[in-house]
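The values are calculated or read from the model by the stated rules, or taken from the named source; none is laboratory data. The structure displayed is predicted, hence computed values, not measured ones. Positions of Cβ are generated from backbone atoms using ideal geometry, with glycine treated the same way; all protein chains shown enter the neighbour counts. Side chains are part of the model used for accessible areas, which takes the heavy atoms of the whole protein and leaves out ligands, DNA and RNA. Shrake-Rupley method; radii C 1.70, N 1.55, O 1.52, S 1.80 Å.
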Amino acid sequence: MKTSNYRLLDRIEDPSDLKKLSIDELYILSYELTDHIKSTVKEVGGHYSSPLGVVDLTLVLHYLYDTPNDKIVWDVGHQAYAHKIITGRRDSFNTLRKKDGISGFLKINESKYDAFGAGHASTSISAALGIAHARDENNTTNQVVAVIGDGALTGGLAYEGINNLGYHKTQLTIILNDNSMSISKSVGALSKYLNRVVTNPTYNKLRNDIWNISGKIPLSKYIRKFLRKTEGGIKGLLTPGILFEELGLRYIGPVDGHDIPRMINTFQAVKKMNTPVLVHVYTKKGKGSSDAELDSEKYYSVSEKKNDNSDNQGIDYSKSLGLSLIKLSENNSKIRCITAAMEVGTGLSQFINKYPDKYIDVGIAEEHAVTYAAGLAVTGLQPIVCIYSTFMQRAFDCIFHDVLLQDLPVIFCMDRSGLVGPDGPTHHGVFDMSMLNILPNIIITAPKDGNELLDLLYTATKLKKPFAIRYPKDSSGTYDLDKTPKLIDLGSWEYICKNNSDIVVLAVGSMVQVLIDNKDEIEKITNSKIDLINCRFVKPLDIDVLQYISNNYKGVITIEEGSLIGGFGSMVKNYLLSSRAKVISMGIPDYYIEHGSRKELLNEVNLNIEGLVNSINKINYEKK
Ligand SMILES: Cc1ncc(C[n+]2csc(CCOP(=O)(O)OP(=O)(O)O)c2C)c(N)n1
């Protein structure tokens, strides 16, 4: 289709440039945008199949709506690459997700066209309704549009928004971007419904026929009314529209999300409606990339192209978790695994193949995942919620009310704990320890490697207590496939090295390996010997060891990949208040860490050799 080196895309500085284009030119632009996204993301890494699926929809929205005066609120924001490119970020698009580059999601301080920040799912309808109500109060007339995927529509927050919208009616257009996929296959009763309406030719044909007949033949108004009612009845039987209509929204669709003229016609009509409308658009995830169209799950995101093999570090923690679950399930029929739409990311794929009946994907529904697990636990089953640290935040009250208050043995495997890198502040898992620390009944742990992850998981299944295990997005170091799991004493820390030095480092999880790898160098630079303890239990603390530390060390350094406020270090400091030891805590400071590579971000917050050297020097200085 592309015939010259000259790109239309290079003339698009902002959405006003779109409005001059013909339909044919919009199609050419769609092709160029697709090409630009494909080549850039393959180079720098990022989301792939989701952004490709909405290029046409994005063009139509910016072509018809008067952005940024009209507000487009994208859900999650991982799909909004075309939006970024045509709203002034074409030339910076190759800095996507890089330190000091543009974000992979949406940010109100990145562009006036990003009407609302995103990263976590299912927020768009609530945010858009807030914006719409404020508009009404100000008596302005701009349009508000929320774009939400069928995956994000599995989240409870979206229904809370719809419920509120249908009751307090106002102009708000919800575009349901339906590609039948979340990251994996979309789950739930609603996605079945949506699938039926998109693929059900009978209903679509019937509806068209009824309108054609009633429009063309000079019928009496009674017959027309009857036909309309009939259509309503048929629609009610066969489509999900009735669900939305009963909730107070007009349902329009389904509309082919790659048919630009049809979408333009539809949205021109929708723009005139002064009520809440849901436009059901069906799109092809990965559109324009044959690989991603065939397997959108595999091409959900792609990694940055590397010139060396530095990322080849063996198996990561997610994979270690999956293998550990398979191993433990061989002798434990009570294990049930729960994911909130993160099957691949949490390393469950192999487990699911082996134990399809011991696994459930509840959709993007973290609150439900936790309370559902509590329900399983109360019957004697052994639920394991495999969840990203950052997404677990949504379920805070469910953890408190449904699990901990009833002391139910739910196990939380919290992947992506710590700094995740390019996904940035919405995805860093830095608050889980602080969040859980304040709650009674929970055991919080962090393994130093894959083998210890297996042992902690095994211990959790034996203890039958609420139990959280946190681990980073990183290589898990050692994971022995044929290792026999062993019990770890509750609250016990492990001395990794003891030189009878007067400085001890208390390291949590990912930080233990950093110390093991760099201890010699650090000791050389600081001219000091240090002892090192693997603090695999964050709660309860190892009181015996702490008492020993209190009596025997002059300096204590705590180091964790988590928030300093309320984290491990703060608990240790609290315990050692009356000790003569000087305590320095290293961790994530009290601000939101932006995106960048994991290494760059760890350096930014001094969780590195230099930071440790500085801490040791400080202690040595005070000792003098
Ligand atoms: C609260 C929350 N849980 C999980 C995720 C991870 N996540 C990002 S996108 C996505 C799937 C979204 O599917 P859909 O809304 O249908 O958009 P699509 O990618 O199919 O275009 C998931 C599960 C998230 N961003 N937020």
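Picking from Ser585, Ser550, which residue would you name as being buried (at least 19 other Cβ atoms within 10 Å of the Cβ), touching a Lys or Arg at 6+ places or on another chain (Cβ under 9 Å) and closer than 24 Å to Cys497 by Cβ? Residue meeting the stated conditions: Ser585. Pairs meeting the criteria (first residue in the range 586-615 and in contact (Cβ under 8 Å) with a residue 60 or more places away in the chain, second residue loosely packed, with under 15 Cβ neighbours inside 10 Å and of a type in the set (Asp, Glu), beta carbons under 7 Å, at least 6 apart or on different chains) are Ile609/Glu521. For first residues located in the range 266-293 and within 17 Å of Thr58 (Cβ to Cβ), partners that are among the aliphatic types (A, V, I, L, M) and open to solvent by 20 Å² or more (accessible area, probe 1.4 Å) and lie 6+ apart or on another chain with Cβ distances below 6 Å form the pairs Phe267/Leu64; Val279/Ile252; Tyr282/Val198; Lys285/Met181.
Is it fair to say Phe105 is open to solvent by less than 10 Å² (accessible area, probe 1.4 Å) and more than 21 Å from Ile364 (Cβ to Cβ)? For Phe105, the condition - open to solvent by less than 10 Å² (accessible area, probe 1.4 Å) and more than 21 Å from Ile364 (Cβ to Cβ) - is not met.
Which condition number does Tyr251 fail, the rest of (1) assigned to a strand (DSSP E or B); (2) hydroxyl-bearing (Ser, Thr, Tyr); (3) at pLDDT below 60 being met? Unmet for Tyr251, out of (1) assigned to a strand (DSSP E or B); (2) hydroxyl-bearing (Ser, Thr, Tyr); (3) at pLDDT below 60: (3).
Name every residue in the range 177-193 that is buried (at least 24 other Cβ atoms within 10 Å of the Cβ) and either more than 16 Å from Phe244 (Cβ to Cβ) or more than 9 Å from the ligand (Cβ to nearest atom) (or both), in order of residue number. Explain how you work it out, then say what you get.
Step one: filter the range 177-193 for residues buried (at least 24 other Cβ atoms within 10 Å of the Cβ), giving 177-179, 182, 186.
Of everything in the range 177-193, those that are buried (at least 24 other Cβ atoms within 10 Å of the Cβ) and either more than 16 Å from Phe244 (Cβ to Cβ) or more than 9 Å from the ligand (Cβ to nearest atom) (or both) turn out to be Asn179, Ser182, Ser186.
Restricted to helices (runs of 4 or more DSSP H) entirely inside the range 384-473, those with at least 1 residues that are away from the ligand (no atom under 16 Å from the Cβ) and among the aromatic types (Phe, Trp, Tyr) are 450-463.
Quick check: anything in the range 305-316 modelled with pLDDT under 95, surrounded by 15 or more Cβ atoms within 10 Å (Cβ to Cβ) and not in a strand (DSSP E or B)? Give the steps one after another, and end with the answer.
Of the range 305-316, the ones modelled with pLDDT under 95 are 305-315.
So of that shortlist, the ones also surrounded by 15 or more Cβ atoms within 10 Å (Cβ to Cβ) come out as 315.
From the residues that got through so far, the ones that are not in a strand (DSSP E or B) too are 315.
Scanning the range 305-316, I find at least one residue that is modelled with pLDDT under 95, surrounded by 15 or more Cβ atoms within 10 Å (Cβ to Cβ) and not in a strand (DSSP E or B), so the answer is yes.
Against the conditions (1) surrounded by 17 or more Cβ atoms within 10 Å (Cβ to Cβ); (2) under 30 Å from Asn551 (Cα atoms), Asp520 satisfies every one except (1).
I'm checking my understanding of the structure. Among residues of the range 39-58 that are hydrophobic (A, V, I, L, M, F, W, C) and either within 16 Å of the ligand (Cβ to nearest atom) or free of Cβ contacts under 8 Å to residues at least 40 places away in the same chain (or both), which one is farthest from Asp259 (Cα to Cα)? Restricting to residues being hydrophobic (A, V, I, L, M, F, W, C) and either within 16 Å of the ligand (Cβ to nearest atom) or free of Cβ contacts under 8 Å to residues at least 40 places away in the same chain (or both), the top hit is Val41. Does Lys98 satisfy the criteria of being open to solvent by 40 Å² or more (accessible area, probe 1.4 Å), out of contact with any strand residue (DSSP E or B) (no Cβ under 8 Å at 6 or more places or on another chain) and under 22 Å from His595 (Cα atoms)? Yes; evaluated as a whole, the condition is true for this residue. Would you confirm whether any residue within the range 49-65 is touching a strand residue (DSSP E or B) at 6+ places or on another chain (Cβ under 6 Å) and either open to solvent by 10 Å² or more (accessible area, probe 1.4 Å) or aromatic (Phe, Trp, Tyr) (or both)? Within the range 49-65, not a single residue is touching a strand residue (DSSP E or B) at 6+ places or on another chain (Cβ under 6 Å) and either open to solvent by 10 Å² or more (accessible area, probe 1.4 Å) or aromatic (Phe, Trp, Tyr) (or both).
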